[in-house]
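J.: There's a structure below that I have some questions on.
Where a number appears in this text, it was derived from the coordinates with a stated rule and is not lab data. Remember, it's a predicted structure, so these values are computed and weren't measured experimentally. As a convention, Cβ positions derive from the backbone with ideal geometry for all residues, glycine included, and neighbour counts pool all protein chains shown.
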């Protein structure tokens, strides 16, 4: 998410990838912050069916991440920082 939290102008990403990352970042904001301009730009590259699938994938990942974080479920260690670190008080004791 480091790229998503920056200005989203990373040389290794295509313009469409940057746009998708910006969309995901805006969908994850609380409150939700996807304006008409963002959606119009997405429509230049994706069909309605593709937009539904993209939106569903982003929403699912957001749900999964928040659910896991609420229960203190740990990741597989691919990425971790102070925000994603599990909360010890929520980890179930065996």
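J.: Residue separation times 0.36 nm, minus the C-alpha to C-alpha distance between residue 37 and residue 60: what's the value? Walk me through the numbers before you get to the answer.
T.: On the way: separation 23, 0.36 × 23 = 8.28 nm, distance 2.32 nm.
Length difference between fully extended and current span is 6.0 nm.
J.: For residue 74 and residue 53, FRET efficiency with R0 = 25 Å and r from the beta-carbon atoms, rounded to 0.05?
T.: 0.30
J.: With 10 angstrom as the radius, rank 23, 78 by how many other C-beta atoms surround their C-beta, starting from the fewest.
T.: By the 10 Å Cβ count, ascending: 78, 23.
J.: Follow-up question, since we're still on this one. Can you sort 44, 53 from fewest to most other Cβ atoms within 10 Å of each residue's own Cβ?
T.: 44, 53
J.: For the residue pair residue 26 and residue 13, what label-to-label distance in nm results when each label sits 7 Å from Cα along the Cα-to-beta-carbon direction?
T.: The modelled label-to-label distance comes out at 1.3 nm.
J.: Ok, one more. Give the order of 71, 32 when sorted by the count of other beta carbons within 10 angstrom, beginning with the fewest. Spell out each step's value before the answer.
T.: Values: 71 12, 32 8.
Ascending Cβ contact count within 10 Å gives the list 32, 71.
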